[in-house]
1. Which count do you get for residues in the stretch 324-342 that are touching a Ser or Thr at 6+ places or on another chain (Cβ under 8 Å) and part of a strand (DSSP E or B)?
2. Would you be able to say whether some residue in the stretch 277-287 is more than 16 Å from the ligand (Cβ to nearest atom), assigned to a loop (DSSP other than H, G, I, E, B), touching a helix residue (DSSP H, G or I) at 6+ places or on another chain (Cβ under 9 Å) and of a type outside the set (S, T, Y)?
3. Working only within the stretch 343-375, note down all residues that are within 16 Å of the ligand (Cβ to nearest atom) and part of a loop (DSSP other than H, G, I, E, B).
4. Against the conditions (1) within 27 Å of F19 (Cα to Cα); (2) loosely packed, with under 14 Cβ neighbours inside 10 Å, where does I374 fall short? Just the number, please.
5. Restricting attention to the stretch 243-258, does a residue exist that is of a type in the set (S, T, N, Q) and over 30 Å from F405 (Cα atoms)?
6. Here is a list of conditions, (1) within 21 Å of L117 (Cα to Cα); (2) in contact (Cβ under 8 Å) with a residue 40 or more places away in the chain, and S79 meets all of them except one; can you say which number that is?
7. Out of all the residues in the stretch 385-404, is one or more away from the ligand (no atom under 16 Å from the Cβ), closer than 18 Å to Y344 by Cβ and at pLDDT 95 or above?
8. Taking the condition surrounded by 14 or more Cβ atoms within 10 Å (Cβ to Cβ) and either basic (K, R) or within 16 Å of the ligand (Cβ to nearest atom) (or both), does Y305 pass?
Amino acid sequence: MSKQEQEDGPSEDRKKYEFRKVIEELQEYEGSGTQLVTIYVPEDKQISSVVAHVTQEHSEASNIKSKQTRTNVQDALKSIKDRLRYYETYPPENGMVLFSGAVDTGGGRSDMITRVLESPPEPVESFRYHCDSEFLTEPLENMLADKGLYGLIVLDRREANVGWLKGKRVVPVKSASSLVPGKQRKGGQSAQRFARLRLEAIDNFYQEVAEMANELFVPKRHEIDGILVGGPSPTKEEFEDGDYLHHELQEEILGLFDVAYTDESGLYDLVDNAEDALADAEIMKDKAEMEEFFENLYDGDLATYGFAQTRQNLNMGSVDRLLISEDLRSDVVTFECPNGHTDYEMVDSSDDTPDHACSECGESAEETDREDAIEHLMTLAEQRGTETKFISTDFEKGEQLYDAFGGVAGILRYSTGV
Ligand SMILES: [Zn+2]
């Protein structure tokens, strides 16, 4: 783990989780008409020009035929304008996203809601005004999708392109083309000499492509999650078999994939065709965490699981990595008994608070607080220097974390006997 990650890690994770929760909330909402407004603002967009845009939309909304929709859109825009007053010249780092509108609450009634998400995990790329019966959350969802960094290479014997896959974004970087002669030799050349020259030219081109890829990928080799190579056969196979790439990159090759073109568009095809391999790679880290957890559960003493046990270990500072199921949607209720003891219980978010008897004295205890379970656990983890890992349920052991261990487990730094 790099120093950078240690410093930014926990708060980044928390921020992502908080964003995810707001997005899930926003996805639930629907407007009875085209009346839910979403505005994406990049960090270099002046607030005054956003206000001008909103004012313009407000006046254009007067043309909306349905009185109800018209009023709702104008109310949403007014609410957004009010929020924009809190900002000076520019939005915060990475920009912000504003959501406002009258959402259906059933029975023909609606409720006005406004949410502002500041400084998303990736920069907002362009200004976007969107008015629909749903909020536009997709660009934000893409930012939250598990980030990965993959090197992309597409090549045939004449052309090559290299670039990055960053999260879900393909970034073409460099290209090269070769002077490899075609298969047809010119009259007068000996067949043998022609074949030799052609092979040499191919070899030179592969070397050139490898140099181009090395220049780009070697400095990032410790951050790269894998390398994808695309092209027609047998070019991509020759390129891999020939060990042209830097040896550390060579080991990172996730697979070879057929693509029809080797220009920039080939990089996009490559990512499409490697979809399964990428999904596996993404889950690989989660799998490794769960393997380590199970090994410790069966053969060691560095595993803890279940809310109460894991919380106790967290509190003692003995948890190295906190493993939380991505599907966990629970609350932690704090109880206090008349004798001054404090207990914590995890309950399903949609459930009412159950009766609780104090674990120390057995007296009936009162609820004094209720908060989101993940936030509760992450706060403890941050205070104790514990890393939090969110584990997908898209594989067997990930499902087990959710089903059999209550969605909460940990790998310990040292055994505590708890
Ligand atoms: Zn008590």
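1. 9
2. Step one: of the stretch 277-287, the residues more than 16 Å from the ligand (Cβ to nearest atom) are 277-287.
Now restrict to residues that are assigned to a loop (DSSP other than H, G, I, E, B): none.
No: zero hits.
3. The initial filter retains those residues of the stretch 343-375 that are within 16 Å of the ligand (Cβ to nearest atom), namely 343-345, 355-368.
Answer for the stretch 343-375, where residues must be within 16 Å of the ligand (Cβ to nearest atom) and part of a loop (DSSP other than H, G, I, E, B): D355, C358, S359, E360, C361, G362, E363.
4. (2) is the only condition that I374 fails.
5. Step one: filter the stretch 243-258 for residues of a type in the set (S, T, N, Q), giving 250.
Checking the rest, the ones that are also over 30 Å from F405 (Cα atoms) come to 250.
For the stretch 243-258, residues of a type in the set (S, T, N, Q) and over 30 Å from F405 (Cα atoms): present.
6. (2)
7. Keep residues of the stretch 385-404 that are away from the ligand (no atom under 16 Å from the Cβ), which gives 385-404.
Among the residues that remain, those that are also closer than 18 Å to Y344 by Cβ are: 386, 388.
From what's left, at pLDDT 95 or above: none.
Scanning the stretch 385-404 turns up no residue that is away from the ligand (no atom under 16 Å from the Cβ), closer than 18 Å to Y344 by Cβ and at pLDDT 95 or above.
8. Working: surrounded by 14 or more Cβ atoms within 10 Å (Cβ to Cβ): yes; either basic (K, R) or within 16 Å of the ligand (Cβ to nearest atom) (or both): no.
For Y305, the condition - surrounded by 14 or more Cβ atoms within 10 Å (Cβ to Cβ) and either basic (K, R) or within 16 Å of the ligand (Cβ to nearest atom) (or both) - is not met.
The values are calculated or read from the model by the stated rules, or taken from the named source; none is laboratory data. Model, not experiment: these values are computed from the prediction. Ideal geometry is used to build each Cβ from the backbone, glycine not excepted, and the neighbour counts take in all protein chains shown.
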